[in-house]
Structure formats: structure tokens, C-alpha cells
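Each remark here refers to the structure printed beneath this line.
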Amino acid sequence: MSDPGFFQSALVYLTAAVISVPIAKRLGLGSVLGYLVAGVGIGPHVLGLVGGSSSSSEVMHIAESGVVVMLFLIGLELKISALWRMRGTLLGLGGSQMLACGIILGVGVWLWGIELKSALLIGFILALSSTAIVLQTLREKSLHATAGGRHAFATLLFQDIAVIPLLAILPLLASTSASAANNIHSASHLSGAMQGLAICAAIASVVLAGRWLLPFLFSYIANAGLREIFTATALLLVLAIGGLMSLVGLSPALGAFVAGVVLASSPYRHELEGDLEPFKGLLLGLFFISVGASMDLQLIIKDPLGITLLLAGFVLIKGSVLAALGKLFHFAPGATPLYTLSMFQGGEFAFVLFSQATTLGILTLDQSARFNAIVALSMALTPLALVAGRNWLKPPADPDATPHREADAIEHSSPVILAGFGRYGNYVGRLLRSQGFRPVVLETDAEHVELTRRLGFEVHYGDATRLDILHAAGAQHAKLLVIAISDEETIDLLVATARRHFPHLEIVTRATGMDHRLRLIQQGVQHVFHELAGSALDAGTQTLRLLGIPAYPAERAARKFRRWDIESARDLAPIRLQDESAYFAIIRERVANLESLFRSDPTHEGSADAKAWQPPSAPKTPPVQT
Amino acid sequence: MRRRILLLHAHPMPHRSRVNRHLVTAAESIAGITIRHLYELYPDYMIDVDAEQKLLLDHDIIVLQHPFFWYSAPALVKEWLDLVLQYGWAYGEGGTALQGKSLLQSVTTGGAAEVYCSAGRNRHTVREFLLPFEQTARLCGMTYLDPFVVHGTGQLQTEADLAPHSQAYCTLLSNLASGIDLPPSP
């Protein structure tokens with residue numbers, strides 16, 4: 001940290017992002033383009049604030065962990081069952097996309113003048129799309145859950161798997177000595193079979209640890225009650241998995257994705273999401289900036305026509321193949337344009353693969369620079385293409401046109417968030433579930449979480465007063481927030497957070513006493529319930545019955561009392577703080593009101609309620625019993 | 001063969017009902033009778049449909065006893081009919097659960113017998129007012145028995161006033177229980 005260079009770079013990167021991203025976002029271009037432009041701006045060819053390709057590739061290396069974190073988070077949202085349902089799209093569509101794009105682009109590259117085998121390899125590298133750009137852009141535009149978005153996601157997942165054989169084939173095509181091939185990646189010294197074994201072992205260990213070890217670890221950390229250590233554990237986990245995967249020659253992003261899927265059914269899912277989300281955003285931003293900074297503007301300025309033709313050829317070929325796939329696989333209406341416009345660019349793995357191909361002598365420096373340039377340019381074009389094509393991308397008018405089964409692939413958030421699942425919340429939760437509603441339950445007591453989950457409830461460990469946890473629980477899409485927390489201050493804090501950040505949420509809350517209740521009503525919370533009123537009135541009703549009041553009048557008395565109580569609270573709330581004497585005057589009035597109310601109790605002769613069942617022989621009352 | 005009687009009593013304010021209470025007390029002497037106070041069981045109107053249906057299956061004679069409120073029954077009786085006599089159970093396709101059973105209605109009216117005729121203040125007979133109940137019973141395949149009516153409850157103040165009615169009620173119920181058929185409603 002004492003290195004002034006660190007502060008300098010941090011200053012440059014952050015300033016560039018802070019200036020350009022909000023502008024891009026405001027122009028409707030999405031944050032990705034903002035980051036890319038920021039990168040170009042600070043890059044060696046414009047302002048020269050960050051170094052040439054060597055230092056920016058170092059930054060890119062750190063920034064790639066953003067992609068790893070992102071895939072971990074995506075994995076967290078996908079249960080294994082949901083992934084299994086996707087298997088058809090994943091293999092069928094993903095496989096066809098790689099094969100078709102790879103071969104056709106390869107032939108194109110061959111015609112451009114590269115030897116056939118290498119040309120095919122380049123074709124396959126160009127067939128990869130950018131997971132980071134596609135998913136970030138689709139999420140920003142809320143298009144990720146549409147049919148086209150899900151097809152794109154499945155394809156990207158397949159591409160991440162396809163990177164493995166591409167990395168393996170690369171050295172085989174090398175014309176240079178075998179020693180150079182050995183530097184490709186750390187696992188290539190293993191034979192094919194050994195590497196396969198290592199990959200299986202790595203994935204198995206991630207799955208097993210995710211199942212048995214991690215829940216234990218998280219519960220242990222959570223019980224320690226140190227928030228930053230939980231965050232540290234989450235980051236450590238993701239980076240460790242990434243490290244393990246690159247050790248065996250697997251894409252770190254893919255490994256993180258597997259770990260995410262394994263942890264998707266863990267109660268710590270929301271907490272993990274909340275903790276990692278800001279890291280993901282920042283690291284991805286850094287990644288996009290470094291892509292921008294690495295763009296070789298000189299090459300573009302030197303040979304604009306050549307680059308433009310190459311770019312146009314690439315984009316047109318890849319786009320046409322993608323569009324054809326959409327037709328071939330009978331995408332839902334509107335899905336094909338989205339799939340095409342979001343997936344036509346080159347992927348971040350292309351940079352890695354091209355630089356390795358250059359080291360291996362498969363590509364010349366000039367060729368590799370050109371390919372890198374068109375990949376980077378196509379990335380920058382993606383947000384623009386989605387903006388330009390937005391009229392095509394209008395979702396189909398009939399939402400039923402997309403098959404419902406597919407919609408399950410990405411789990412949608414519940415309309416209800418239930419904060420607290422203790423003695424109070426469990427009643428609310430059980431009642432909701434009895435009617436088929438599955439609230440997202442947030443609970444801070446780790447032991448309680450485990451117990452409740454064993455009873456078959458979907459309870460998530462997480463402090464509902466934290467903004468990031470509310471986000472992760474889907475507060476932006478939910479309709480209702482039910483607060484069943486016992487602590488008064490925590491309730492107030494959650495009410496304030498929810499009202500400030502999610503004003504659309506309707507709040508149903510528990511109040512710890514009369515004063516608390518009045519305060520909450522005064523703040524404008526619509527549905528405030530005294531935590532003891534229900535039980536106390538039930539006890540009172542039963543006591544009345546035991547004293548000889550028939551059941552129905554006793555029930556009516558309790559309901560009447562409850563109504564009076566709610567009205568009193570509503571009347572008292574607005575003046576509680578403003579005018580103490582008026583407050584007490586109203587209390588006196590309400591108490592008198594209560595007395596007259598119960599003079600009119602059905603068990604008292606001559607009351608309004610009593611008249612309702614008065615026999616006609618009694619004087620001055622309308623004959624009801626005919 | 002003895003027939004089992006289920007007496008469903010519905011009065012929202014039983015402590016203020018003189019005649020109905022008297023009749024129920026009298027009915028308690030009938031051997032094997034089941035008496036249920038609907039307003040005591042369901043003060044919140046949450047009728048337990050399963051339990052009510054099971055009781056209906058276990059009995060042969062169903063007695064609905066209630067005051068005559070606004071030419072009909074108290075609201076809970078309507079709720080009971082709405083919920084318990086389900087399609088496919090009591091009527092309609094496969095709805096044969098009540099077939100062959102009998103329904104007796106036992107009502108108390110404030111008005112004297114004279115006012116319940118075409119020339120009287122109420123312009124119709126009690127039987128006419130009870131038409132929806134009768135047709136309900138028929139649709140469920142039940143025999144609708146001639147209702148037991150006590151008129152002019154306001155005039156029945158003393159034990160001596162009430163005794164003839166409770167005796168008649170007891171005779172009627174014990175006859176039903178021992179299988180002596182009453183004439184079905186004409």
C-alpha cells in the first residue's frame with residue numbers, strides 16, 4: 001500500500017469509471033460501454049494514464065476474477081434441478097452454436113489467408129461470446145429472464161466448458177518447440193488422462209465441500225457474528241475455487257459456477273449474494289476498463305479499412321449463424337433478435353487464447369493484434385447494437401407465448417419477504433405457506449435457520465436490515481415485506497431502510513407495544529399489529545365464555561374491542577408527539593367511548609347489539625323474530 | 001329399528017331465548033339424540049364441514065331448530081347449508097349422502113298463528129316461508145317432514161305456558177326415533 005503507484009492507478013481507474021459510467025447509463029447505453037470508453041480514454045493511445053499492454057494485462061488478470069465472482073453468483077441463483085432442466089438447451093443449442101460458428105468463421109479466416117487448421121482454431125475462438133458483457137448488459141436491461149436471455153445464458157455456459165478443449169488443442173497446433181507448449185498452462189505437463197482425472201477430482205471436491213463442509217463452515221463463521229469475516233470467507237471461497245480450477249486447467253469461472261450451483265440451496269445463499277455483489281460489480285468494471293485500455297487504437301488508425309472489413313465480416317457471419325440457430329431451434333417470438341444482438345461479439349477468453357497462439361507461433365503479432373482489435377470492438381458494439389435493436393426486442397405481447405416450464409430455469413423471487421422466523425414469524429410463514437405462498441424468509445439466528453430448514457422451510461440466513469441482503473432477497477421485485485422481528489430498534493431500522501430504498505414495498509409489521517405501534521402508524525406504515533393483541537383477546541374471549549357468556553356474543557365482544565383498539569391507535573397516532581394535552585384528552589375520550597361501547601355490549605339489555613335479537617314482546621324495539 | 005336424531009340448534013343469543021332453550025332441554029331426554037349448538041360451536045362462523053358431514057351420515061333424522069328471524073333462519077344456518085350441503089356430496093352428480101334421511105324444521109315465531117295466513121299480517125303461512133328449506137331437502141333426496149312450529153313466543157311466559165309445547169316436541173321426537181313415521185309434508 002505504500003507504493004504510490006497503487007494510489008495513482010486506483011485514482012485513474014476510479015475517476016474514469018465515475019465520470020464515464022453514469023454518462024453512458026444516462027444515455028441508455030449501459031454501464032459496459034461506459035467502462036469500455038473509460039478504458040480507451042485512460043489507455044496508452046489516448047491519455048496514456050495507464051501503461052501499455054503489459055501492465056493492463058496484469059490489471060485484466062485481477063479483473064478476470066470479476067467474471068469468476070459473477071459466475072459464482074449466477075450459479076447461486078440456479079439450483080441443480082433448474083440446471084438439469086436446462087440440459088437440452090445447454091448441449092443442443094450450446095453445442096450447435098460452437099460447431100456452426102466455429103466452422104463457418106474458421107472457413108472465413110481460412111479464406112482470409114491463414115492455414116486451415118489454425119484458421120479453424122481461430123474460428124472456434126471467435127465463436128466464443130463474452131459472458132461478462134452479455135450477462136451484465138442483459139441484467140441491466142432486465143432481459144435475462146426472457147426466452148432469448150435464457151438461450152444466451154445456456155450458450156454461454158456451454159462456451160465456458162468448450163474453452164477447456166480449446167486450451168488443450170492449442171499446443172498441438174504449435175509449430176514451435178514443445179517447450180513453449182509447456183508454458184501454456186500449468187496443467188499441460190499432465191497427460192490427457194491425468195488431466196481428465198485431475199479435473200474430475202477438482203469438480204468432485206468442489207461439489208462435496210459445497211454439500212458437507214461449507215454449510216458447516218458458514219454456520220461456524222455466522223455464529224461468530226463478524227460480518228467482515230463472513231465476507232472474507234465468501235471471497236476466499238470463490239478465489240480458492242478459481243485457483244483450484246486453473247491449477248487443473250479448467251476455466252476458473254466454470255469452477256466458481258459449479259460451486260455456486262452446489263450452494264444454491266444453502267441457507268447462506270442470500271448472505272453470500274449480498275456480500276459478493278459489490279465485489280462483482282467493481283471487478284467486472286475493472287475488467288471492462290482493461291479491455292478498453294488494451295484496444296490497439298494505433299492499428300485501427302493505421303488500417304481503418306482493413307479492420308472495419310474484418311470486423312464487419314466477423315459480426316455479419318457470427319450474427320447470421322446465431323439468427324439461423326434461433327430459427328432452427330424455434331425460439332419464442334422476439335427471442336432470436338435478442339439472442340443474435342447480445343451474442344455476436346467475441347469473448348474475453350479470445351484475448352487469452354490469441355496471446356497464447358501468438359506465443360506458440362500459430363499467429364503472427366499483426367494477426368493477433370487484428371483479431372484482438374475486432375474482438376474488443378465487437379464487445380463495444382454490443383451495448384450499441386442492443387440499443388439500436390431495442391424495437392425488435394420488445395417482449396411478445398402475450399406472456400404465455402413463452403413456455404412456462406422454461407421460465408422456471410431462473411428462479412423468480414417471491415412476492416413476499418418475511419423478516420424474522422422466530423416465535424412470531426413462524427406463524428406468519430406457516431399461514432402463508434398453507435395457502436401456497438413461499439416467502440423469502442430472512443433470519444439472523446444461524447442455529448434457528450438450521451432447525452427451521454430441517455422442518456422443511458426455505459429460510460435464509462441474513463440480516464434483513466442490510467440493504468444488500470434485501471436486494472439479494474429480491475426486494476426490488478417483491479410486493480410485500482412482513483416484519484416479524486422482536487426487537488423494536490431493529491424493526492424501526494428495517495422500516496426506515498425499506499421505505500427509503502424500496503418505496504414500492506407494502507409493509508406489514510409487528511409492533512412491540514402501544515407506543516411503538518403509534519410511532520409506526522405515525523410514520524405512515526399501513527399495516528401495524530400489536531404483537532400481543534391477538535393472543536390477549538383470544539384469552540379474554542375464552543375467559544368471557546368460561547364466565548358464562550355464550551360463544552357468539554363473546555366473539556363479537558372481542559371483535560368489537562379489537563376494532564375499537566385499532567381505531568383508537570389510528571386516532572391517537574397523529575397527535576401523539578405534537579400535543580401532549582390533546583393526546584391525553586383523546587385517550588380519556590376513547591376510554592369513555594370504550595365504556596359506552598361496552599354498555600352496549602350484547603350481554604347488556606337495552607344496547608344496540610342486544611336489540612338485534614330482541615323478541616317482539618319487548619317494548620320499543622322492532623320485531624325481528626317474526 | 002331405532003333411528004338416530006341429530007338436532008342442530010341455532011340461536012345467536014341462547015341466554016335470551018326462552019322458548020328455544022326450553023325445547024332443547026326437553027329434547028335432551030330423548031335417548032340417543034345428538035344435540036349441537038351451532039352458535040356455540042362456530043361463533044366465528046368457521047363451520048367444520050368435514051365434522052358436520054360425518055355427523056349427518058351418522059344420523060337418520062336431521063332437526064333444524066331455530067327462531068324464525070325475518071321469515072327465515074338466523075344467518076349461521078344459511079352458512080351451514082351453504083358450506084355443508086356440497087355439490088357431489090349432498091346433491092348433483094354423485095351427491096347421495098343424504099338420500100333417504102328426513103329433515104324436520106322446528107321454529108319459534110313471535111307472531112301468533114293467525115297472522116300466518118293469506119288474510120293475516122304476514123300474508124303467507126310458515127310453510128310457505130320455509131319453502132327454500134323444503135326444496136333444499138328435496139334436492140338432497142331427503143323427506144321434508146311437516147315442520148314443528150311454536151307461535152307467539154312472547155305470550156309464553158310461564159312454565160305452564162311452555163309445557164304443552166315441550167311435551168308435543170318430545171312426543172314428536174321420540175316417535176321419530178322409534179321409527180313411527182310422521183306424515184311427510186304435503
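See the values below:
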| item | result |
| --- | --- |
| Positive-end residue, the protein assembly as shown charge dipole about Cα centroid, Cβ charges, pick of A:Phe153, A:Leu99, A:Ala539 | A:Leu99 |
| Ordering of A:140-148, B:85-93, A:255-263 by packing [mean C-beta count within 10 Å, highest first] | A:255-263, A:140-148, B:85-93 |
| Other-chain or far-sequence residues with amide H under 5 Å of A:Gly30's (modelled H) | A:Lys25 |
| Peptide A:547-559 - average C-beta neighbours from other chains (10 Å radius) | 5 |
| 20 Å cut-off, amide nitrogen to a point 7 angstrom out along B:Met1 Cα→Cβ, residues in region B:130-158 | B:141-145 |
| Extension reserve of the A:His471-A:Leu226 stretch, reckoned as 0.36 nm per residue once the Cα distance is removed | 86.2 nm |
| Label-reachable residues, region A:198-226, where backbone N falls under 20 Å from a point 7 Å from A:Leu493's Cα toward its Cβ | A:221-226 |
| Spatial separation of Cα centroids for region A:518-581 and region A:202-225, in angstrom | 47 Å |
| Dipole axis of the protein assembly as shown (+1 Lys, Arg; -1 Asp, Glu on Cβ), positive-most option in A:Ile374, A:Ala224, A:Gly462 | A:Ile374 |
| Efficiency of FRET from Cβ geometry, A:Asp579 and A:Leu297, R₀ 60 Å, rounded to 0.05 | 0.30 |
| Using θ = phi - 60° and Karplus 6.51 cos²θ - 1.76 cosθ + 1.60, couplings along region B:115-127 (whole Hz; Gly, Pro as x) | 6, 9, 7, 4, 8, x, 4, 8, 6, 9, 7, 4, 3 |
| FRET efficiency, 1/(1 + (r/R0)^6) with R0 60 Å, evaluated for A:Arg211 and A:Thr364 via beta carbons | 0.80 |
| Selection from B:His11, B:Val49, B:His22 lying farthest towards where the dipole of region B:1-61 points positive, charges on Cβ | B:His22 |
| Cβ-placed point charges (K, R +1; D, E -1), dipole of the protein assembly as shown about Cα centre in debye, nearest 20 | 1140 debye |
| Reduced Cα scattering model of chain B, Debye log10 I(q)/I(0), q = 0.13, 0.14 Å⁻¹ | -0.66, -0.77 |
| Over region A:416-611 - Rg/Rh using Cα atoms and the Kirkwood inverse-distance radius | 1.05 |
| Cβ neighbours within 10 Å from other chains - mean over B:6-15 | 3 |
| Share, in percent, of DSSP beta bridges within the protein assembly as shown that are antiparallel, nearest 5 | 5 percent |
| 0 to 90° range, to nearest 10: angle between helix A:192-208 axis and chain A longest Cα axis | 10 degrees |
| Burial order of peptide ranges B:113-121, A:199-207 (average beta-carbon count within 10 Å, highest first) | A:199-207, B:113-121 |
| Cα-centre dipole for region A:54-394 with unit charges at Cβ (Lys and Arg positive, Asp and Glu negative), debye to 20 | 920 debye |
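Just so you know, all these numbers are worked out from the coordinates, no wet-lab data involved. Since this is a predicted model, take the numbers as computed values, not measurements. Glycine also receives a Cβ, built like all others from the backbone with ideal geometry; neighbour counts cover every protein chain displayed.
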